[in-house]
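In what follows, a structure is listed as structure tokens, so that the remarks can point back to it.
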Amino acid sequence: MFFLLFILILGLAFYHFYTHYGRCGRMVNKLQGPRTLPLLGNSLLFQGSSVDVWNLIRKLNKEYYPLWRVWLAHNPVVNLYHPDDAEVLLSSMKHIEKSKDYDFLHPWLKTGLLTSTGKKWQHRRKMLTPAFHFSVLKEFLDIFDEHSKILVENLKTEGDESVQDIVPIFTKYTLNTICETAMGTSLHDTDSQDDTYRNALKHLVEILYYRAFRPWLATDWIFNLFSKGEIFNQYLMTLHKFSTKIINERKEFHEQTDNQHLKSIISAESETSVYDDGIKSRKKRMAMLDHLIAAQKFGDQIDDDGIREEVDTFIFEGHDTTSMGMTFVLLMMAEHKEIQDRVREEIDMLLNETNDKISTAEVQQLTYLEQCIKETLRLYPSVPLISRQLSTDLQLKNHLIPAGCSTDLHIFDLHRDPNFWPDPEKFDPERFSPERSQKRHPYSFIPFSAGPRNCIGQKFAMLELKTFTAHILNNFILEPVDHAKDLIFTSDLVLRPAIPVRIKFTTRIK
């Protein structure tokens with residue numbers, strides 16, 4: 001027994017020495033950062049609640065500006081949030097591989113566009129890009145317009161004045177729009193499934209973050225021994241059941257129409273087809289899901305698992321990030337009455353001429369509203385952190401980061417760097433006026449990431465945010481109940497408040 005214990009201790013000591021005194025470890029340990037413990041590294045620092053972890057990371061970012069290292073057991077992570085370093089990392093095709101933390105997403109999203117790398121990522125990106133061309137997005141404006149009006153009418157049923165916790169309302173709204181636009185499936189009659197999906201997603205992501213900071217749960221079979229592993233798998237089944245139902249319904253539609261609309265995608269006759277399906281009264285648009293089904297049907301470029309991993313990815317990314325954007329845009333409008341009034345004046349001038357209908361022409365004219373949205377995304381980027389795994393050395397402005405590290409880019413703090421954003425906590429849409437935007441570091445504002453792995457749906461998100469905000473401000477006066485200064489955030493895949501965000505809606509008399 002003593003001999004076995006001796007061998008174990010000797011093995012652990014050798015492993016620690018190999019990890020910290022090999023080339024990667026020696027280079028990483030030259031960087032500033034919190035004190036590490038043998039074997040555990042800095043893991044014990046991150047054992048608090050998700051709110052505690054969020055606050056700790058922000059504290060460390062401030063203390064060790066502009067770059068620091070941390071060890072999660074044997075895994076070194078270099079944390080960045082300077083625009084110069086962000087540019088080097090994001091603009092390179094050498095560093096497009098997501099970090100090991102994204103491996104925890106594989107049971108859910110597999111290796112879809114968010115988590116894949118190399119040739120598979122390049123192939124999927126090329127396959128899906130036409131589905132988000134602006135000519136296609138123009139057709140989706142009708143859906144954004146329709147759903148925004150439905151949301152307005154639902155809010156009006158609460159009375160001339162009402163106080164609403166807006167996060168669950170907007171999450172439901174954006175889930176409906178991403179399913180009807182990118183998936184071609186309406187959720188109007190599936191409220192119970194909608195609620196079940198959103199509840200499962202919320203809790204699954206909480207477990208993902210819990211696991212990410214506990215290296216001893218990194219191995220799947222160990223994780224599955226714990227109760228959280230069992231609960232995670234139950235939520236996972238719910239999410240996959242939801243996406244599988246959407247895929248099957250869309251495939252059934254194409255079978256009933258003899259795949260004629262899929263053929264138009266492959267032949268490039270009409271990538272923006274709008275057609276009557278002959279089955280339902282409403283018109284169908286060529287959705288992102290249609291491009292995937294067409295690729296499978298005629299090109300054999302993707303199998304059923306591949307379709308589901310992309311559908312799971314886009315349902316999640318296409319609704320959760322946008323709903324958070326909507327939440328903070330309206331909170332900023334509510335807190336800044338003069339800005340709200342100026343935006344509303346711009347909106348009213350346009351909608352009064354179009355009978356409250358928003359089309360491409362109107363969206364492009366809402367320039368001040370766009371400045372407000374961008375300033376909101378500066379303060380509250382929907383994705384506060386992105387991470388890469390380095391397969392080769394990364395030469396930053398002042399440091400060489402070795403291959404084998406993960407790098408975490410903290411967009412939330414990068415957007416609040418006073419060296420690039422004077423008075424960074426202030427909400428000031430004029431920062432995004434054409435004159436001031438020209439002088440800015442191109443990587444000091446990256447709410448949709450940047451470089452080759454930038455967000456494929458950023459134009460989609462901006463169109464939805466502008467359409468939604470225009471209809472809300474055209475119909476309501478907003479007043480804050482909860483304030484931005486009091487917000488508490490939680491560590492999550494998206495920037496999520498840990499407390500309700502309530503706004504008072506007062507119906508306008510037109």
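When a 1.4 Å probe is rolled over the protein heavy atoms, the share of accessible surface on the stretch 148-226 that falls to carbon and sulfur comes to 53 percent. Taking a point 7 angstrom from the Cα of ASP303 along the C-beta vector, which residues in the stretch 222-247 have backbone N less than 20 Å away? Under 20 Å, as judged by backbone N against the label point of ASP303, lie 240-241, 243-245, 247 of the stretch 222-247. Think of a 1.4 Å ball rolled over the protein heavy atoms: the chain then has 45 Å² of accessible area per residue.
When all protein chains stay in place and ligands, DNA and RNA are ignored, the 1.4 Å accessible-area order of MET183, MET349, largest first, is MET349, MET183.
Computed FRET efficiency, Cβ-Cβ of SER437 and SER227, R0 41 Å: what is it to the nearest 0.05? Provide the component values of the computation, followed by the final result.
Working: r = 50 Å, r/R0 = 1.22.
With a Förster radius of 41 Å, E is 0.25.
Sorting MET93, MET237 on solvent-accessible area from highest to lowest, probe radius 1.4 Å, gives MET237, MET93.
Rounded to the nearest 0.05, the FRET efficiency derived from the C-beta distance between ASP341 and LYS426 at R0 = 25 Å is 0.85. Given the C-alpha centroids of the stretch 310-348 and the stretch 410-473, what is the distance between them in whole angstrom? Between the Cα centre of the stretch 310-348 and that of the stretch 410-473, the gap is 13 Å. Taking the accessible area of the stretch 17-97, probe 1.4 Å, and keeping the other protein chains in place, the carbon and sulfur fraction comes to 57%. Cross-link reach is defined here as a Cα-Cα straight distance under 26 Å, omitting same-chain residues fewer than 8 places apart; for LYS119 the lysines meeting it are LYS94, LYS98, LYS100, LYS110, LYS263, LYS297, LYS459.
Measuring nothing but protein heavy atoms, the accessible surface of the stretch 309-412 at 1.4 Å probe radius is 47 percent carbon and sulfur. Rolling a 1.4 Å probe over the protein chains gives VAL136 an accessible area of about 0 Å².
With every protein chain in place and a 1.4 angstrom probe, the accessible-area ranking of CYS372, CYS455, largest first, reads CYS455, CYS372.
By DSSP, the beta bridges lying fully in the stretch 379-510 are antiparallel in about 95 percent of cases. In this structure GLU345 has an accessible area near 120 Å², from a 1.4 Å probe over the protein heavy atoms. For a straight C-alpha distance cut-off of 18 angstrom, the aspartates and glutamates reachable from LYS337 (same-chain residues fewer than eight places away being disregarded) are GLU161, GLU345, GLU346, ASP348, GLU370, GLU375, GLU425, ASP428, GLU430, GLU479, ASP482.
Rolling a 1.4 Å probe over the protein heavy atoms leaves LEU80 with an accessible area of roughly 0 Å².
So what is the calculated 222 nm ellipticity per residue for the chain, using -39500 (n - 2.57) for each DSSP H run with n of 4 or more, over all residues, to the nearest 500 deg cm²/dmol? Show your work: numbers first, answer last.
Numbers: 20 runs with 268 residues, N = 510.
Estimated from H runs of four or more residues: -17000 deg cm²/dmol.
Listed by chain and number, the aspartates and glutamates whose C-alpha is less than 20 Å from the C-alpha of LYS126, apart from same-chain residues fewer than 8 away, are GLU97, GLU269, GLU271, ASP290, ASP300, ASP303, ASP304, ASP305, GLU309, GLU310, ASP312, GLU317. The trypsin sites (Lys or Arg not before Pro) of the stretch 346-441 that DSSP puts in a loop, and whose beta carbon has at most 14 other beta carbons within 10 Å, are LYS357, LYS397, LYS426, LYS439, ARG440. Applying a DSSP loop filter and a limit of 16 other Cβ atoms within 10 Å to the trypsin sites (Lys or Arg not before Pro) in the stretch 1-107 leaves LYS30, ARG35.
The values are calculated or read from the model by the stated rules, or taken from the named source; none is laboratory data. Treat the numbers as computed from the prediction; the structure is a model and nothing was measured. Cβ sites come from the backbone with ideal geometry, for glycine too, and all protein chains shown count toward neighbours. Areas reflect the complete protein model, heavy atoms only, side chains present, ligands, DNA and RNA absent. Shrake-Rupley method; radii C 1.70, N 1.55, O 1.52, S 1.80 Å.
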